[in-house]
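Structure first, commentary second.
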Amino acid sequence: MTATSTTINAADPLVARIDDLRRLRRAVILAHNYQLGEIQDLADFTGDSLELSRQAARTDAEVIVFCGVRFMAETAAVLSPDKLVLHPEPRAGCPLADMIAADELRALKGAHPGVPVVCYVNTSAEVKAESDCCCTSANAARVVEAMPGPEVIFVPDHNLGLWVQQHTSKRLLLWRGYCPTHNKITAEDVRRALEQHPEAEVIAHPECRPEVLDLAHQVLSTGGMIRRARETPARTVIVATELGIIHRLQKEAPDKRFLPVSRHAVCPNMKRITLEKVLWSLEDMSGQVQVPRDIAAGARRALDRMLEIG
Ligand code: SF4
């Protein structure tokens, strides 16, 4: 007689241990919409980076575990100075955010004295501290429009800047940063997907190339995509952004079909956070995020100004 073995779901004891530690540490776990599905399912809150940081600041948790990339964990630390922020994989950075350093921004400001600076939330705390105001992909045009004077320096995302330029009366001075993941999505990908699903609606994130945005029915932030998932009358939606969001969209509207426009749109940094790393971080309290006080104060000012504009 041959004995057979049964493999139980290996994730279960891991999740149970994380749950124990989450209670013990009085921690809240946040997951960005681009995280692996199992991390999104584990999280107390899932959303875009700013939405999550604001949510975390409102909870009475003592510890925030931020499952996303470094600038997001930094933003949470800036908005919650009385909480301990853990980033389970400190090497998970954002190449777009790393495309501009504070000294480069200082040089740009020196070349254009008096021109206000708007920085996308995908920037380091140091770059935020050098900026007049922060913005998200959802409110970028509104924030730019609210700045004084006819010109605005906009950093670091060039594609988002070009998109905003179409929706503002200001003249934008753009930095040439880009998201490598969104840049992998091509107009050819969109055309091919539409040939296969001519009835589908195409939604695209403004970090995509302009020629991709030209083909989209809706250009939306990740938060906007989640709302659209529930509201669209389309039964099939082609999604031009990082693949992780499909998990969330499918949960929001299980009766609809969400198809990634490209299988290549994967952010390797977002995928560096695993269940094991979340566990280790909570066990050892490792990956603590600290933002120097003066930089945090400057970044907070730029974030607060954005929140005032709305
Ligand atoms: S998807 Fe792009 S913008 Fe978002 S974290 Fe990855 S590299 Fe940065």
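What distance in nm separates the simple spin-label points at E195 and H112, each placed 7 Å from Cα in the Cβ direction?
4.0
Could you tell me what a quarter of the Cα convex hull surface of the stretch 69-141 works out to, in nm² with one decimal place?
Projected over every direction and averaged, the Cα hull of the stretch 69-141 covers 5.6 nm².
For the chain, what is the percent of antiparallel DSSP beta bridges, rounded to the nearest 5? Could you put the intermediate results ahead of the total?
Numbers: 1 of 33 bridges.
Counting DSSP beta bridges with both partners in the chain, the antiparallel share is about 5 percent.
So, how do all the Cα-to-Cα distances of the stretch 199-310 break down into 10 Å bins, in percent, from 0 on up?
That works out to 12, 30, 27, 25, 6, 0, in percent per bin.
At A57 and R176, where each label point lies 7 Å from the Cα along Cα→Cβ, what is the point-to-point distance in nanometres?
3.5
I need C133, C119 ordered by Cβ neighbour count within 10 Å, fewest first.
On the way: C133 23, C119 29.
Neighbour counts put them in this order, fewest first: C133, C119.
Quote the FRET efficiency, to the nearest 0.05, computed for E231 versus Q166 with a Förster distance R0 of 30 Å and r equal to the Cβ-Cβ distance.
Values: r = 24 Å, r/R0 = 0.78.
Once rounded, the FRET efficiency stands at 0.80.
What is the chain's relative contact order, in percent, from Cα pairs under 8 angstrom and six or more apart in sequence? Intermediate results must be reported in sequence, preceding the final value.
Details: 610 pairs, mean separation 68.4, N = 310.
It comes to 22 percent, rounded to a whole number.
For the stretch 162-310, what does the relative contact order come out to in percent, with C-alpha contacts under 8 Å and a separation of six or more? Please list the in-between numbers first.
Numbers: 157 pairs, mean separation 29.4, N = 149.
This gives 20 percent for the stretch 162-310.
In whole Å, what is the distance between the alpha-carbon centres of the stretch 60-102 and the stretch 223-274?
Using only Cα atoms to place each centre, the spacing works out to 23 Å.
Cα atoms only, the chain: Rg and Dmax in Å?
20.2, 84
Which one, Q196, Q40, Q55, has the greatest fluctuation when you compute a Gaussian network model over the chain with C-alpha springs under 10 angstrom?
Q196
In Å, what Kirkwood hydrodynamic radius results for the stretch 191-252 from the alpha-carbon pair distances? Don't skip to the end; give the middle numbers.
Values: mean 1/r = 0.0855 Å⁻¹.
Hydrodynamic radius (Kirkwood, Cα only) of the stretch 191-252 equals 11.7 Å.
Using DSSP to call loops (not H, G, I, E or B), can you name the trypsin sites (Lys or Arg not before Pro) in the stretch 239-281 whose Cβ has at most 11 other Cβ atoms within 10 angstrom?
Working: sites: R248, K251, K256, R257, R263, K271, R272, K277; in loops: K256, R263.
Here the trypsin sites (Lys or Arg not before Pro) that fit, given the DSSP loop and packing criteria, are R263.
From the C-alpha coordinates alone, can you work out the Kirkwood hydrodynamic radius of the stretch 138-188, in Å? Don't skip to the end; give the middle numbers.
On the way: mean 1/r = 0.0864 Å⁻¹.
Computed over Cα pairs of the stretch 138-188, the Kirkwood hydrodynamic radius comes out at 11.6 Å.
Multiply the residue gap between N183 and F45 by 0.36 nm, knock off their C-alpha separation, and tell me the result in nm, one decimal place. Mind showing how you got there, number by number?
Values: separation 138, 0.36 × 138 = 49.68 nm, distance 2.78 nm.
Result for the pair: 46.9 nm of gain on full extension.
Quick one: plug the Kirkwood hydrodynamic radius of the stretch 18-154 (C-alpha pairs) into Stokes-Einstein at 10 °C, 1.306 mPa s, and report D in µm²/s.
99
Loop only per DSSP, at most 10 neighbouring Cβ atoms within 10 Å: give me the GluC sites (Glu not before Pro) in the stretch 122-228, ordered by residue number. Before the final figure, lay out each step's value.
On the way: sites: E126, E130, E145, E151, E188, E195, E199, E201, E207, E211; in loops: E130, E199, E207.
The qualifying sites are E199.
Using Cβ counts within 10 Å as a stand-in for footprinting exposure, how do H217, H112, H87 rank, fewest first?
Working: H217 16, H112 13, H87 26.
Ordered by Cβ neighbours within 10 Å, fewest first: H112, H217, H87.
Taking the convex hull of the Cα atoms, report for the stretch 85-221 its projected area averaged over all directions, in nm².
Details: hull surface 38.4 nm².
Quarter of the Cα hull surface area: 9.6 nm².
I'd like to know which of P210, A97, Q288 lies farthest towards the positive end of the charge dipole of the chain, counting +1 on Cβ of Lys and Arg and -1 on Cβ of Asp and Glu.
Highest projection toward the positive end goes to P210.
Within the stretch 167-204, whose backbone N sits under 15 Å from a point 7 Å along Cα→Cβ of R263?
189, 193
No lab work stands behind these numbers, since they all come straight from the coordinates. This one's a predicted model, so the numbers in the text were calculated from it and none came from an experiment. Counting neighbours? That spans all protein chains shown, and the Cβs are built from the backbone with ideal geometry, glycine included.
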